[in-house]
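Asks: Take a look at this one; I'll ask things after.
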Amino acid sequence: MLLIECPWCGPRAESEYRCGGESPIVRPADPAATDDAAWADYLFYRDNAKGLSFERWHHRFGCGLWFNIARDTASHRILAIFGITDPRPVPEPGA
Amino acid sequence: MSGYRLKRGGDIDRSCPINFRWEGRCYTGFAGDTLASALLASGVRMIGRSFKYHRPRGLIAAGLDEPNFIVQLERGASTTPNLKAPYVELYDGLDAAPVNAWPSLRFDLLAVNSIFKRFIPAAFYYKTFMWPTWRVFEPLIRKAAGLGASPKLTDPDSYEQTSAHIDVLIVGGGIAGLAAAQHAAISGKSVMLVTGGRHWGGRLAGTSDSVEGKPAAVWIKDMLRTLSAMPNVALMTRTLATGHFDHGLVSLCERLTDHIPTHERSGPRQRFWRVRADALILATGAIERPLVFRGNDRPGVMLAGAARAYLHRHAVVAGREIVVATTNDSAWYAAFDLAEAGATIIAIVDTRPSPSPALVERAEGLGIMVHSNMAPAAAIGRRAVRAVRIGRVSPTGRIDSPAQAVRCDLLLMSGGWNPAVHLHSQGAGRLTFDHDLNSFVPEDGSPGHRSIGGAGGDFARYSTLAAAREQAVTRRPGPPHAALWSISESDVPDAEAWVDFQNDVTAGDIALAARENFRSVEHLKRYTTLGMASDQGKTSNVNGIGILSTLLAKPMEAIGTTKFRPPYDPIPFGLLAGHRIGDGLRPRRQLALHDWHAGRNASYEEYGGWMRPAAYLRPGESEADAVRREVLAVRTAVGIFEASPLGKIEVKGPDAAAFLDLMYVNRISTLKPGRCRYAIMLSENGTVFDDGVVTRLTDDHFLVGTTSGHAATITEAFREWLQCEWTTMRVLVEDVTTSWAVANVVGPKTRSVLHMLASDIDFSADAFAHMTAQRGYIGGIPARVARVSFTGELSYEIAVPWRCAGALWEALIAAGSSHGMVPFGVEALMTMRIEKGFLHIGADTDGTTLPQDIGFGAIMAKKTQDFVGRRSAHRPDGLRGDRRSFVGLEATDSNAAPLAIGAHILPAGTTQPQPSEGWVTSSAWSPTLGAPLALAMIERGEKRIGESVRVWDLGAWREARITRACRYDPQGARLDV
Ligand SMILES: [Zn+2]
């Protein structure tokens, strides 16, 4: 069970959270003008990387905050926690 | 008779005899015994039958590595399967039986499998029972093979769960764990030291060995006294670390009452701990490897270290005439201890050409014959070992001289030691092969935890203690072992030399798997079952890998190990469930007026987590009678319904209207304050997500109604969009569902009732139009009232603060009494909405329903702005002409029974089942129309109104006609009053 540091509440067990999948997923600015393939890409296609992944998590049974996590999906190491609108941090070499 | 008890010694209380039952017969042991030690002391040798071939088996180990002596403890509801006997503490009245013998140990009908062993090789079941299907044979095979019987009745015990956050967790109560605890505690850190059994001191408990200049018993006692006096140290016995998970979480199973006579137990049986520690130290020791030779599974063949443990802990000598076979020094010490306790050691057989002269000298001094460069070729004896054939052994395990027989009734073996790396490995620690130890050891530098002592591959006392105290040590490996993975009298691995005792896998099975090209260690595991089940390869894993390594001529490290899985030893499901059972699993919510409804004989049912009255039964009424009466009362007079679970979300802020425009298919920003609008919401993939009435209270303040039981989900969805996508919108969202209780007064006489209330609200048609809302007071209680209808009748929903529900209800009942007002339940409401053709999300819709399927195509087309789900509803699949649409269905046969929900719709004239055109989604007998009515999703249904169809359900056919969804008052005249 992961131990996740909510930016508001501090470290809490994974069972208090819900993972919202890859982040950010940019919603096309003009959906009506977006073709089927691009829309499907937005809706369904995810990197699902083995290794460094960026995800958003929700402190569901806590303060309710959504925030971003950079996580190594192979080792489960959490490399960074950052705000939902913050840019992705650049991982340190070897991290 | 073979094993016996010594007059002195051991950590047992001879003044406290304990009576227990094994396989229905009575035995006596002493306080401090385990089931295994007591039976060993009683001379019992055969304690089980093997898993697959039902061969007679004996005790081989003294801990959880025991693969044979697996028992079913107690009977009835509290029976526990698959306990390892060396871990079952004896208590008065204990009742245990073997798991794999039917009908009894001595006369096992399934032992016939043993005779046919050569016809039942590895993967025999997979290969043989393929026709016609595995399922035909599975129950029979499982009966023959299973390990123990799971209880059929509800577990009568209770279990606790708790968490701990500490500085240092140390797993293992041997000298390494004790020293590490002391070292960590001195610095003031909070320390938890856990050990699975009752003893402290691990393998040194009860021995006369010397530790730091003191006898082991004194060292252990002193250490415990020191630690007990420290307030920052928690010492826990009978507490097994069962798993090691992500980010260092360790699960512990603390056994609270398992060692107490059953009738004296009280309180929780076991406690489940989730522990997170800044530092985790694994001092879990090592597991001795059996030697793999013909007949090594005969009762009377035992691990040398186990015999030593039984001697020191329980004063039990496991046999009368003992032969010791080993590849390393440790078994020599077992032989010496036993000899000094008065046992007869006939010979020590060491596979090494020249064991240490000091050992040989000491053995000869004790009158023990030493055979070096020799190994056991076969254990002789059917029910128990009578003799062992030994012969000269090559480095690869080939017996290359004629073997001689040596008489014995106990054959002790040691093939070396494997660090108990399970927790290390579960915690993503890597393993490396150590060529001095001939075993896998934890790789240095694993994050988050470290292994010390035997668990770290360190078998020297001084270096173990130094490591426990975080002093620099260069590891000093024990004297080299001879690597000997299997012994055979021919050039191929012996098909009757057991590797995995619990799963009945032999060296020959591994050779067969390799021959058939199952060469990956994970494939080998599945094909042969090596290292599976509750044993998880404790004694067998490294030997199995060694044999495969030899066969494939690949180094051990290239073969690797299989994944070790938690739990380390089986734990009850009840422990994992804790208090989350029965009503504790998911608390059921009650209405504000639960007791009032119950007093009116409401038949309660659960709807979306809420306990709600389905109907109110009068004397002599069936539920169907009651529903009919309630519907007719509402249609002709007036009824009252508690609608408190109706989802209520407040949405407030300067951008609230713009935000709701994005959330709903309907336009919300055009709604005027005080007005209500029925609206539907989609998920981003276009499917219908929820519906409800949205009320604009003021310009920047909305009350969003959701389906009962769905408010939390919708609130969460709103917040996700606001926090993650439209992050600059100024909107607050709050779920107020349980702040407001709701009474719904419905029917043509509703106004007559409401006019009798003391209220500043004018309920008349002119002052209070359909689909509007007002705020005011009723009998001094603040109320939010909306004129909306889910039944097609005149209807007011009156919401008041939850705590005021009783007062409002009382006032309404009093006002309604002279107008024949009746309470009605969910079933009557559902019947009336089916009559009206109103959609019920989740019943009429599913995860494929798009807005155009339920008649929202035009509204969607009219709205110019984007909203969630709009684009997805226009993907090619959404534009198909043959989509199913929401329609009504009337039965045209003479059958008065409602159509079955889920029944398939097929074209008229169909006589054989064929691809379905849709299905019935809702169905009820309509008391108002006197006919069965249904709603359905049917291909192109909207364009097929009036068409006859056939309805198929579980082989029965019905005739029906497609209609419009609304069958009652389609003009809405009854609302226009
Ligand atoms: Zn939080």
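Asks: Using a loss threshold of 40 Å², tell me which positions in region B:715-730 are less accessible in the complex than in their chain alone. Probe radius 1.4 Å, ligands and nucleic acids ignored.
Replies: B:Glu716, B:Glu720, B:Gln723, B:Cys724, B:Glu725
Asks: If you wrap a convex hull around the Cα atoms of region B:375-425, how much volume per residue is inside, in Å³?
Replies: On the way: hull volume 6.1 nm³, N = 51.
So the per-residue Cα hull volume is 120 Å³.
Asks: Okay, moving on. Which whole number gives the average, over all residues in A:35-45, of C-beta atoms from other chains lying within 10 Å of the residue C-beta?
Replies: Details: counts 0, 5, 0, 0, 4, 2, 0, 3, 6, 1, 0.
Partner-chain Cβ atoms within 10 Å, mean over residues of A:35-45: 2.
Asks: When the distances between all Cα atoms of region B:155-280 are binned every 5 Å from zero, what whole-number percent does each bin get?
Replies: Binned Cα distances yield the sequence 2, 11, 19, 20, 19, 14, 10, 5, 1, 0.
Asks: Based on Cα coordinates alone, diagonalise the gyration tensor for the protein assembly as shown, multiply each eigenvalue by 5, take square roots, and list the semi-axes in whole Å, largest first. Mind showing how you got there, number by number?
Replies: On the way: eigenvalues 996, 207, 181 Å².
Taking √(5λ) for each Cα gyration eigenvalue gives 71, 32, 30 Å.
Asks: Same structure, new question: Got the relative contact order for region B:491-559 handy, in percent, Cα pairs under 8 Å and 6 or more residues apart?
Replies: On the way: 88 pairs, mean separation 19.8, N = 69.
Taking the mean separation of contacting Cα pairs over the length of region B:491-559, I get 29 percent.
Asks: Right, another one. Suppose every K and R has +1 on its Cβ and every D and E has -1 on its Cβ; what is the size of the dipole of region B:647-737 about the Cα centre, in Debye to the nearest 20?
Replies: Working: 9 positive and 13 negative charges, 86 e Å.
Dipole of region B:647-737, to the nearest 20 debye: 420 debye.
Asks: OK, next. Nothing charged except the Cβ atoms of Lys and Arg (+1) and of Asp and Glu (-1): what's the magnitude of the dipole of chain B about its Cα centre? Round to the nearest 20 debye.
Replies: Value, rounded to 20: 1380 debye.
Asks: Toward the positive end of the charge dipole of the protein assembly as shown, about the Cα centre and with charges on Cβ (Lys, Arg +1; Asp, Glu -1), which of B:Ala513, B:Val499, B:Met830 goes farthest?
Replies: Farthest towards the positive pole: B:Val499.
Asks: How many angstrom lie between the C-alpha centres of region B:375-435 and region B:648-719?
Replies: For region B:375-435 versus region B:648-719, the Cα centre distance is 73 Å.
Asks: What distance in nm separates the simple spin-label points at B:Ala973 and A:His76, each placed 7 Å from Cα in the Cβ direction?
Replies: For the pair B:Ala973/A:His76, the computed spacing is 6.8 nm.
Asks: While we're looking at this one, here's another question. Select from B:Val746, B:Tyr159, B:Cys966 the residue farthest towards the positive end of the dipole of the protein assembly as shown; place +1 on Cβ of Lys and Arg, -1 on Cβ of Asp and Glu, and compute about the Cα centre.
Replies: B:Tyr159
Asks: May I ask you to derive the FRET efficiency for B:Ala931 and B:Arg600 from their Cβ-Cβ distance with R0 = 22 Å, giving the value to the nearest 0.05? Write down the numbers at each step before the final one.
Replies: Working: r = 29 Å, r/R0 = 1.32.
Efficiency, from the Cβ-Cβ distance: 0.15.
Asks: How much FRET efficiency would the formula 1/(1 + (r/R0)^6) give for B:His165 and B:Arg580, where r is the Cβ-Cβ distance and R0 is 30 Å, rounded to 0.05? Intermediate values should be presented prior to the final figure.
Replies: Values: r = 22 Å, r/R0 = 0.72.
Approximately 0.90, to the nearest 0.05.
Asks: Mind ranking B:Met860, B:Met729 by accessible surface for me, highest first, 1.4 Å probe?
Replies: Working: B:Met860 5, B:Met729 45 Å².
Final ranking, largest accessible area leading: B:Met729, B:Met860.
Asks: So with the 1.4 Å probe, I'd like the accessible area per residue for region B:491-559, rounded to whole Å².
Replies: On the way: 2250 Å² over 69 residues.
That works out to 33 Å² for each residue.
Asks: What cysteines in chain A have no other cysteine with a beta carbon less than 4.7 Å from their beta carbon?
Replies: So far as the 4.7 Å Cβ criterion goes, A:Cys19, A:Cys63 stand without a partner in chain A.
Asks: Extension gain B:Asp893-B:Lys221, at 0.36 nm per residue separation less the Cα-Cα distance, in nm?
Replies: So the extension gain works out to 233.1 nm.
Asks: Next up: Counting DSSP beta bridges in chain B, what percent are antiparallel, to the nearest 5? List each step's numbers first, then the result.
Replies: Details: 133 of 183 bridges.
Once the DSSP bridges in chain B are tallied, antiparallel ones form about 75 percent.
Asks: Please report how far the C-alpha centroid of region B:261-334 lies from that of region A:10-56, rounded to the nearest whole angstrom.
Replies: Between the Cα centres of region B:261-334 and region A:10-56 lies a distance of 51 Å.
Asks: Now for a separate question. Test of the criteria: in region B:1-100, which trypsin sites (Lys or Arg not before Pro) are in a DSSP loop and have at most 12 other Cβ atoms within 10 angstrom of their Cβ? Write out the running numbers ahead of the final one.
Replies: Values: sites: B:Arg5, B:Lys7, B:Arg8, B:Arg14, B:Arg21, B:Arg25, B:Arg45, B:Arg49, B:Lys52, B:Arg57, B:Arg75, B:Lys84; in loops: B:Lys7, B:Arg8, B:Arg45, B:Lys52, B:Arg75.
Listed in order of number, the matching sites are B:Lys7, B:Arg8, B:Arg75.
Asks: Nearest 0.05, what FRET efficiency do B:Ala341 and A:Arg60 give at R0 = 60 Å with Cβ-Cβ as r?
Replies: Numbers: r = 61 Å, r/R0 = 1.02.
In this case the efficiency is close to 0.45.
Asks: How large is the Kirkwood hydrodynamic radius of region B:891-960, counting all unique pairs of alpha carbons, in Å?
Replies: Values: mean 1/r = 0.0819 Å⁻¹.
Roughly 12.2 Å, rounded to one decimal.
Asks: Could you list the trypsin sites (Lys or Arg not before Pro) in region B:516-600 that lie in coil according to DSSP, counting only those with at most 12 other Cβ atoms within 10 Å of their Cβ? Let's see the in-between values first.
Replies: Working: sites: B:Arg519, B:Lys525, B:Arg526, B:Lys538, B:Lys563, B:Arg580, B:Arg588, B:Arg589, B:Arg600; in loops: B:Arg519, B:Lys538, B:Lys563, B:Arg580, B:Arg588, B:Arg600.
The qualifying sites are B:Lys563, B:Arg580, B:Arg588.
Asks: On to the next question. Measuring with a 1.4 Å probe in the full set of protein chains, what accessible area per residue, in whole Å², belongs to region B:736-895? Spell out each step's value before the answer.
Replies: Details: 6030 Å² over 160 residues.
Here the residues of region B:736-895 average 38 Å² of exposed surface.
Asks: Let me ask something else about it. Going through region B:356-435, which trypsin sites (Lys or Arg not before Pro) have at most 15 other Cβ atoms within 10 Å and a DSSP loop state? Spell out each step's value before the answer.
Replies: Details: sites: B:Arg362, B:Arg382, B:Arg383, B:Arg386, B:Arg389, B:Arg392, B:Arg398, B:Arg407, B:Arg430; in loops: B:Arg382, B:Arg383, B:Arg386, B:Arg430.
In loop regions of region B:356-435 (DSSP not H, G, I, E or B), the sparsely surrounded trypsin sites (Lys or Arg not before Pro) are B:Arg382, B:Arg383, B:Arg430.
Asks: Need one number: convex hull volume per residue for region B:647-737, Cα atoms only, in Å³. Let's see the in-between values first.
Replies: On the way: hull volume 7.2 nm³, N = 91.
Per residue, the Cα convex hull of region B:647-737 comes to 79 Å³.
Asks: In Å², rounded to the nearest 100, what is the total accessible surface buried by chains B and A against each other with a 1.4 Å probe? The partial results should precede the final answer.
Replies: On the way: alone 40730 and 6520 Å², together 45100 Å².
That pair hides around 2200 Å² of surface in total.
Asks: Using a simple spin-label model with points 7 Å from Cα along the Cα→Cβ vector, what separation in nm is obtained for B:Glu720 and B:Thr28?
Replies: A separation of 6.8 nm, rounded to one decimal place.
Asks: Only Cα pairs under 8 Å and at least 6 apart count here; give the relative contact order of region B:171-212 as a rounded whole percent. Can you show the working numbers first?
Replies: Numbers: 33 pairs, mean separation 21.1, N = 42.
Relative contact order comes out at 50 percent.
Asks: Mean projection of the alpha-carbon convex hull of region B:491-559 over all orientations, in nm²?
Replies: On the way: hull surface 16.3 nm².
Convex hull of Cα atoms, orientation-averaged projection: 4.1 nm².
Asks: Net charge near B:Ala633: determine it from the other residues with C-beta under 12 Å of the C-beta of B:Ala633, scoring Lys and Arg +1 and Asp and Glu -1.
Replies: Once positives and negatives cancel, what remains is +3.
Asks: Taking the DSSP beta bridges in the protein assembly as shown as the whole, what percent of them are antiparallel, to the nearest 5? Walk me through the intermediate numbers first.
Replies: Values: 151 of 201 bridges.
For the protein assembly as shown, the DSSP antiparallel bridge percentage is about 75.
Asks: Follow-up. Note down the relative contact order for chain B as a percent, whole number, built from C-alpha pairs under 8 angstrom at least six residues apart.
Replies: Details: 2298 pairs, mean separation 80.2, N = 977.
Once divided by the residue count of chain B, the mean separation gives 8 percent.
Asks: Would you work out which of B:Gly609, B:Thr80, B:Gly305 lies farthest towards the positive end of the dipole of chain B, given +1 charges on the beta-carbon of Lys and Arg and -1 on that of Asp and Glu, about the Cα centre?
Replies: Comparing the listed Cα positions along the dipole, B:Gly305 ranks first.
Asks: Where in chain B is the longest stretch that carries no chymotrypsin sites (Phe, Trp or Tyr not before Pro) classed as loop by DSSP and with at most 16 other Cβ atoms within 10 Å?
Replies: With a cap of 16 other Cβ atoms within 10 Å, the longest stretch comes to B:130-725.
Asks: Further question: Over the Cα atoms of region B:839-963, what is the Rg over Rh ratio if Rh follows Kirkwood?
Replies: On the way: Rg = 15.6 Å, Rh = 15.3 Å.
Ratio value, two decimals: 1.01.
Asks: Work out how much length B:Lys214 to B:Arg588 would gain on full extension: take 0.36 nm times their residue separation and subtract the Cα-Cα distance, in nm to one decimal. Before the final figure, lay out the partial values.
Replies: Working: separation 374, 0.36 × 374 = 134.64 nm, distance 6.14 nm.
Here the segment from B:Lys214 to B:Arg588 would lengthen by 128.5 nm.
Asks: Let me ask something else. Percent of alpha carbon pairs in chain B separated by more than 37 Å? Could you put the intermediate results ahead of the total?
Replies: Values: 292135 of 476776 pairs.
Counting every Cα pair in chain B, those more than 37 Å apart make up 61 percent.
Asks: If you don't mind, another one. Can you show me the helix-derived [θ] at 222 nm for chain B, built from DSSP H runs with n ≥ 4 at -39,500 (n - 2.57) apiece and divided by the number of residues, rounded to the nearest 500. Write down the numbers at each step before the final one.
Replies: Numbers: 26 runs with 219 residues, N = 977.
Rounded to the nearest 500, the figure is -6000 deg cm²/dmol.
Asks: What's the extension gain from B:Lys563 to B:Arg803 if we count 0.36 nm per residue and subtract their Cα-Cα distance? Could you put the intermediate results ahead of the total?
Replies: On the way: separation 240, 0.36 × 240 = 86.40 nm, distance 5.63 nm.
Length difference between fully extended and current span is 80.8 nm.
Asks: Quick one: putting +1 on the C-beta of Lys and Arg, -1 on the C-beta of Asp and Glu, what dipole do you get for the protein assembly as shown around its Cα centre, in Debye to the nearest 20? List each step's numbers first, then the result.
Replies: On the way: 117 positive and 112 negative charges, 392 e Å.
The calculated dipole for the protein assembly as shown is roughly 1880 debye.
Asks: I'd like the residues of region B:259-285 whose 1.4 Å-probe accessible area shrinks by no less than 20 Å² going from the isolated chain to the full set of protein chains.
Replies: At a threshold of 20 Å² (probe 1.4 Å), the residues of region B:259-285 that become less exposed are B:Arg276.
Asks: Under a cut-off of 30 Å between alpha-carbon atoms, report the lysines in cross-link reach of B:Lys563, not counting same-chain residues fewer than 8 places apart.
Replies: Here the lysines satisfying the reach criterion relative to B:Lys563 are A:Lys50, B:Lys52, B:Lys84, B:Lys117, B:Lys127, B:Lys143, B:Lys525, B:Lys538, B:Lys554.
Asks: Over all residues in B:680-687, what is the mean tally of Cβ atoms on other chains that come within 10 Å of each residue's Cβ? It would help to have the intermediate numbers written out before the result.
Replies: Details: counts 0, 0, 0, 0, 5, 2, 1, 0.
Rounded to a whole number, the mean comes out at 1.
Asks: So the label point goes 7 Å from the Cα of A:Trp8 along Cα→C-beta, right? Which residues of region B:705-740 then have their backbone N under 12 Å from it?
Replies: Those under the cut-off are B:719-720, B:723, B:733.
Asks: Now, a different point. How far apart, in nanometres, would the label points at B:Glu443 and B:Ser818 be if each is projected 7 angstrom from Cα along the Cα-to-Cβ direction?
Replies: Reported label-point gap for B:Glu443 and B:Ser818 is 8.8 nm.
The values are calculated or read from the model by the stated rules, or taken from the named source; none is laboratory data. Quick caveat: nothing in here was measured; it's all calculated off a predicted structure. Every residue, glycine among them, receives a Cβ derived from its backbone with ideal geometry; neighbour counts consider all protein chains shown. Calculation scope for accessible area: heavy atoms of the full protein, side chains included, ligands and nucleic acids excluded. Shrake-Rupley method; radii C 1.70, N 1.55, O 1.52, S 1.80 Å.
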